[in-house]
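Okay, structure first, notes after.
Read-outs: derived from the displayed coordinates by stated rules, not from any lab. Everything quoted here is computed from the prediction, not taken from an experiment. No Cβ is skipped: glycine too gets one built from the backbone with ideal geometry, and neighbour counts run over all protein chains shown.
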Amino acid sequence: MDTSTFVQRSTTVVRADPCGAQHAAMPVENEGHAIGEVVDRLALRFPSISGARILSEVHARLASFVGASVRDFVPVLVEREVAEALADAARGEDS
């Protein structure tokens, strides 16, 4: 599955906390790689669901985190939310 669309640019996101200190968050390239791994794991976990559907779900969930200042946990959160949605969909298909 081609996950290159998730890698936006090779840079590190830096955020400032309320005290003015800056913290380096997950580099965007690492987030893109992590999201690609999420897609691969979800495809293995839900073989009856199309890759296009999985990508669509991941993109939708990823979009909900666009303004997040702390990016470190975005891939984990996306995977949990998408897995839950796909599990619900798989249960609905079995009925």
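Checking the a/c ratio against 1.5 first, then a/b against b/c, what shape does the Cα gyration tensor give for region 30-94?
On the way: a/c = 2.38, a/b = 1.81, b/c = 1.31.
Note, shape of region 30-94 comes out prolate.
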Would you grab the residues whose amide H sits under 5 Å from the one on residue 72? Only those 5+ places off in sequence or on another chain, please, with H modelled 1.01 Å from N.
26
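For residue 80 and residue 29, what is the calculated FRET efficiency with R₀ set at 25 Å and r taken between the beta-carbons, to the nearest 0.05?
On the way: r = 22 Å, r/R0 = 0.90.
For R0 = 25 Å, the calculated efficiency reads 0.65.
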